[in-house]
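Encoded as structure tokens, the structure appears first; notes follow it.
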Amino acid sequence: MKLSKLSAIIVALIVVDLGILGCQGQLQYGYYKGKCGTKDVEAIIQAVVRSRFFSDRKIVAALLRMQFHDCFVKGCDASILIDGPFTEKTAPPNLSVFGYDLIDQIKAAVELACPGVVSCADIIIAATRDAVVLAGGLPFQVQLGRRDGTVSLASLANLPPPDISVPQSIQAFQSKGLNAFDMVLLLGGHTVGVTHCSFIKNRLYDYRGSGKPDPTMNPIYVQILRYMVCPRFSTTDNSVFLDDPWSALRVDNNFYKQLLQNKGILPIDQALASDWSTRWIVQLLANTNLFPRLFNQALVKLGAVQVLTGNQGQIRKNCRRVN
Ligand code: HEM
């Protein structure tokens with residue numbers, strides 16, 4: 001065999017082995033093109049998200065939180081969706097996660113189009129993207145091709161608590177391959193949605209046993225929250241918008257502006273604006289229009305954390321159960 005022919009074969013083998021042509025075992029843009037007959041998988045997902053969004057705009061908050069809680073625990077493998085005792089869903093930080101019914105609805109639609117092709121892990125990522133765009137974000141592409149995990153344990157769901165310090169949070173994100181800049185961008189997910197009074201009562205009434213409110217919280221805001229939202233002896237655990245109420249269903253940079261006015265709700269949110277290592281990022285995002293594009297990029301990065309691809313894991317038939 002001629003040398004040139006031999007080297008061509010070797011190059012071809014390397015290309016196949018590394019998956020350079022087929023990108024096997026890797027996430028790809030447009031992954032489902034041609035894999036579901038003539039059907040457009042991403043368009044099917046988008047149609048279901050659209051119809052939910054217009055009847056329930058809170059779905060954007062549900063999906064963003066779901067993506068974060070899925071990807072941070074054993075990677076973006078849809079382990080958060082599995083039902084059963086002691087699964088991730090039952091872990092305390094996940095008890096207020098919702099939107100699982102939307103994922104079921106999307107799964108039913110894609111299974112109808114092409115059974116056993118579209119992973120639940122990809123559905124979370126693509127649906128979150130669609131909701132972010134509907135809620136005012138910029139359009140963007142997401143990489144797909146994830147496979148679903150087969151293990152889901154509450155004991156593994158150690159998600160960061162709301163009073164985590166900035167250095168500890170940086171470390172938690174770094175352990176997932178995300179840097180401090182990504183972390184500040186991703187916490188921008190709190191541009192939508194709510195928390196509950198129980199998470200912030202100590203900031204409003206008895207900060208670190210002082211009997212006084214958190215001095216880093218805007219005093220007028222403290223009064224508003226005390227009297228209008230979280231009365232001290234209320235028997236209900238009311239919801240509190242994480243961003244200014246008028247902007248709390250919009251994906252925009254108002255969250256960072258709010259932090260610069262000391263109106264952050266969760267301790268970690270406000271801490272981003274006081275810690276020297278992250279304050280400049282908060283200022284940059286509050287004072288420019290960089291957030292929407294950079295947030296999209298950070299979501300794509302979050303969506304690539306410890307993914308299963310190629311022959312790993314499985315494509316679940318039902319997102320709530322392993323096959
Ligand atoms: C250090 C990191 C984070 C901490 C400590 C944290 C903590 C929290 C807490 C305590 C809540 C309120 C839960 C409740 O009251 O039931 C919450 C809500 C939320 N989080 Fe985070 N979070 C973090 C990062 C993220 C990231 C990276 C995203 C998405 C990119 C995200 C998206 C959301 C959303 C959208 C909500 C509102 C959910 C709703 O309205 O139901 N969070 N987060």
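The values are calculated or read from the model by the stated rules, or taken from the named source; none is laboratory data. Owing to the predicted nature of the structure, the values given are computational and were not obtained by experimental measurement. Here the Cβ is made from the backbone with ideal geometry for all residues, glycine too, and neighbour counts use every protein chain on show.
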Considering only segment 143-170, state which residues are of a type in the set (Val, Ile, Thr) and in contact with a Ser or Thr (Cβ under 8 Å, 6 or more places away or on another chain). Val151, Val166, Ile170
Could you please tell me which pairs satisfy a Cβ distance under 8 Å, a separation of 6+ or placement on different chains, a first residue in segment 36-56 that is of a type in the set (Asp, Glu), and a second residue that is part of a helix (DSSP H, G or I) and modelled with pLDDT of 95 or more? Glu42/Ala126
Residue pairs qualifying under the 9 Å Cβ cut-off, at least six apart or on distinct chains, with the first in segment 195-206 being in the same structural domain as Ser239 (by TED's automatic domain parsing) and the second being of a type in the set (Gly, Ala, Ser) and away from the ligand (no atom under 13 Å from the Cβ), are Cys197/Ser234; Asn202/Gly209; Tyr205/Gly211
Could you please find all residues in segment 259-291 being among the charged types (D, E, K, R) and away from the ligand (no atom under 13 Å from the Cβ)? Lys263, Arg279
Would you confirm, using the coordinates I've provided, whether Leu290 is touching a helix residue (DSSP H, G or I) at 6+ places or on another chain (Cβ under 8 Å), aliphatic (A, V, I, L, M) and buried (at least 19 other Cβ atoms within 10 Å of the Cβ)? no
Can you find a residue in segment 80-91 that is farther than 22 Å from Arg147 by Cβ and out of contact with any Leu (no Cβ under 9 Å at 6 or more places or on another chain)? yes
Among the helices (runs of 4 or more DSSP H) confined wholly to segment 112-224, which include 3 or more residues that are under 15 Å from the mean Cα position of the chain (by Cα)? 120-134, 180-187
Report every pair of residues separated by at least 6 positions or lying on different chains whose Cβ atoms are under 6 Å apart, first residue within segment 276-287 and on the phi < 0 side of the Ramachandran plot, second among the basic types (Lys, Arg). Ala286/Lys257
Counted residues in segment 81-101 being away from the ligand (no atom under 13 Å from the Cβ) and part of a helix (DSSP H, G or I) come to 5
